[in-house]
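*Asks:* Right, I'll just put the structure down here and ask away after.
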Amino acid sequence: MKITLAHSSALLKPDFVFGVATASFQIEGAADSREACIWDTFCAEPGRIKDGSNGLIACDHIAHWQEDVELIAALGVDAYRFSIAWGRVIKADGSINQAGLSFYLQLLDALNKRNIKAFVTLYHWDLPQYLQDNGGWLNRSTAYKFAEYADIVSRAFGDRVYSYATLNEPFCSAYLSYEAGIHAPGVQNRQQGRQVAHHLLLAHGLAMPILQKNAPQALNGIVLNFSPCHAASNDAADIRAADMADQYHNQWYLQPLMEGCYPALLQQLPAAEQPQIKDGDMAIIAQPLDFLGVNYYTRTVYRANNKGWFSDVPPTTPPLTDMGWEIYPQGLTEILLAIHKRYKLPPVYITENGAAVPDTVHNGQVHDTQRVKYFEQHLQATEAAINAGMRIDGYFAWSLMDNFEWAEGYAKRFGIVYVDYATQQRTLKDSAIALRDVFAGRKK
Ligand code: FCB
């Protein structure tokens, strides 16, 4: 199975960056050599994770990192996006975990040696439990703690990092964690969700100038997830619902960064559900960015509900991925061009894109045909946005390897590399081979 791109495709130009992505809690394991985080606590609560699993071992990447770096290098990627576990670097008493820091330094050195650009995410959801015990993201002081953490890491890493992202998908750490209640810490409270979103954005804004000072050579920015919001019907009420959902889930994070204000929908929330915003916060949040990371998986359909709000309509028409997400590649082009038109964006990278497939290994092979097709279509959708005049500098496949898929546990496989969790054996899936061939076919 091959992935075919146009001969003249902008994606095949020498400086377009191709990479693979992971996140600390999802792959690292070695939980005993770091502080506990909110996901450890969440996993220990009955019923939170579908298969009852946790992140204690995961892909045991801390033990297998050298083999994993070889794997990444063998794919022929230009870049590797991974995240730092805050609690592997800073201990509960505020002191530095030197062994934890050295782990990441070794990893960075190994990547640099192989000419693989390191895209470091500082926060991919694994807040240390010691900070949660002090209020977590509901406590404004966590934003300042994050800035200190960013300072420590970026000073220690020196010039080894090609790009820093402050946060990965604050939508998930705010909405899924504090409103939908399906991510750690599993709260359902709108005011808290909006407050957490605000403190996350504040954390980003406080960290940005620190990164720019300590790592002026790096591309410093943030990673947001987007899903185009479509109306379930042509009814004015559904169209309005889809627009509200877009403001609430997409623009809520991007507009403050770009324009220093929240969407107009904020004014429609009852005062008791609005976040507390201090004077000067919005200016702190709206720091100039060197890049914007866009994560894309699917679109979402909305209808108006009887509370004057929006409800999502779960997809039923195939093709759906193993997550039950609709495969809708044109949505990637659509959302990219929509934000490109609306804002003056910095260079964009697609920092995550991929599909869960119920893979099985036969004779050392994994024929993940649906994933190969998914990548082909979404690479073409990325190319379409570039052809329409947008600057997109790179694309990262989610994920390098199967891993702990949050509330879904290990049952959902997003990797281009198959992981046998009993043996920790890694096997290239057909999608890894197809992507490797695309990367290798470029004129560098
Ligand atoms: C994104 C997350 C990533 C992974 C994918 C499937 O929301 O950033 O960690 O779980 O979804």
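*Asks:* Is there any pair linking a residue in region 398-425 that is charged (D, E, K, R) to one that is open to solvent by less than 10 Å² (accessible area, probe 1.4 Å) and more than 12 Å from the ligand (Cβ to nearest atom), with Cβ under 7 Å and at least six apart or on different chains, and which?
*Replies:* ASP402/VAL419
*Asks:* For residues that are surrounded by fewer than 22 Cβ atoms within 10 Å (Cβ to Cβ) and touching a residue at least 60 places away in the same chain (Cβ under 8 Å), tally how many sit in region 378-391.
*Replies:* 4
*Asks:* Given the conditions (1) touching a Pro at 6+ places or on another chain (Cβ under 9 Å); (2) open to solvent by less than 30 Å² (accessible area, probe 1.4 Å); (3) of a type in the set (A, V, I, L, M), and given that ALA92 satisfies all but one, which numbered condition is not satisfied?
*Replies:* The failed condition is (2).
*Asks:* Conditions first: (1) in contact with a helix residue (DSSP H, G or I) (Cβ under 9 Å, 6 or more places away or on another chain); (2) under 22 Å from ALA73 (Cβ atoms). ASP393 passes all but one, so which condition is the exception?
*Replies:* (1)
*Asks:* Give TYR144, TYR162 a once-over and let me know the one that is among the hydroxyl-bearing types (Ser, Thr, Tyr) and surrounded by 20 or more Cβ atoms within 10 Å (Cβ to Cβ).
*Replies:* Of TYR144, TYR162, the one residue that is among the hydroxyl-bearing types (Ser, Thr, Tyr) and surrounded by 20 or more Cβ atoms within 10 Å (Cβ to Cβ) is TYR162.
*Asks:* Then there's this: Would you mind finding the one in ASP402, ASP420, ASP359, ASP430 that is buried (at least 22 other Cβ atoms within 10 Å of the Cβ) and under 26 Å from GLU67 (Cβ atoms)?
*Replies:* Checking each option against the conditions leaves just ASP402.
*Asks:* Inside region 363-444, counting only strands (runs of 3 or more DSSP E) that do not spill past its ends, which hold 1 or more residues that are within 12 Å of the ligand (Cβ to nearest atom) and within 20 Å of PRO14 (Cα to Cα)?
*Replies:* Hits in region 363-444: 392-398.
*Asks:* Can you name the residue in region 166-178 that is part of a helix (DSSP H, G or I) and within 14 Å of the ligand (Cβ to nearest atom) and is also most open to solvent (accessible area, probe 1.4 Å) among such residues?
*Replies:* TYR175
*Asks:* For region 286-330, enumerate the residues that are surrounded by 20 or more Cβ atoms within 10 Å (Cβ to Cβ) and out of contact with any strand residue (DSSP E or B) (no Cβ under 7 Å at 6 or more places or on another chain).
*Replies:* GLN287, TYR297, THR321, TYR328, PRO329
*Asks:* Residue check, CYS229 against (1) open to solvent by 20 Å² or more (accessible area, probe 1.4 Å); (2) hydrophobic (A, V, I, L, M, F, W, C); (3) within 16 Å of the ligand (Cβ to nearest atom), all met but one. Which one?
*Replies:* (3)
*Asks:* What is the number of the single condition among (1) farther than 30 Å from LEU71 by Cα; (2) within 16 Å of the ligand (Cβ to nearest atom); (3) crowded, with 21+ Cβ neighbours inside 10 Å that TRP137 does not meet?
*Replies:* (2)
*Asks:* Looking only at region 179-190, filter to residues that are touching a residue at least 24 places away in the same chain (Cβ under 8 Å) and either surrounded by 24 or more Cβ atoms within 10 Å (Cβ to Cβ) or assigned to a loop (DSSP other than H, G, I, E, B) (or both); which one of those is nearest to the ligand (Cβ to nearest atom)?
*Replies:* Looking at residues that are touching a residue at least 24 places away in the same chain (Cβ under 8 Å) and either surrounded by 24 or more Cβ atoms within 10 Å (Cβ to Cβ) or assigned to a loop (DSSP other than H, G, I, E, B) (or both), I get HIS183.
*Asks:* Residue by residue through region 4-29, note down the ones that are crowded, with 19+ Cβ neighbours inside 10 Å and either among the basic types (Lys, Arg) or without any contact (Cβ under 8 Å) to a residue 60 or more places away in the chain (or both).
*Replies:* Of everything in region 4-29, just one residue is crowded, with 19+ Cβ neighbours inside 10 Å and either among the basic types (Lys, Arg) or without any contact (Cβ under 8 Å) to a residue 60 or more places away in the chain (or both), namely GLY29.
*Asks:* Given (1) within 16 Å of the ligand (Cβ to nearest atom); (2) buried (at least 17 other Cβ atoms within 10 Å of the Cβ); (3) over 23 Å from ARG81 (Cα atoms), identify the lone condition not met by GLY354.
*Replies:* Every listed condition holds for GLY354 apart from (3).
*Asks:* Being within 16 Å of the ligand (Cβ to nearest atom) and closer than 25 Å to ASP159 by Cα is true for just one of LEU219, LEU224, LEU211. Which residue is that?
*Replies:* The conditions single out LEU224.
*Asks:* With the structure loaded, tell me whether GLN247 is in contact with a Leu (Cβ under 8 Å, 6 or more places away or on another chain), more than 16 Å from the ligand (Cβ to nearest atom), open to solvent by 20 Å² or more (accessible area, probe 1.4 Å) and part of a helix (DSSP H, G or I) or whether it fails that test.
*Replies:* yes
The values are calculated or read from the model by the stated rules, or taken from the named source; none is laboratory data. Computed from a prediction, not measured in an experiment: that's the story for all the values here. A quick note on method: Cβ atoms are made from the backbone with ideal geometry, for glycine too, and the neighbour counts reach across all protein chains shown. Note: areas computed on protein heavy atoms with side chains; ligands, DNA, RNA excluded. Shrake-Rupley method; radii C 1.70, N 1.55, O 1.52, S 1.80 Å.
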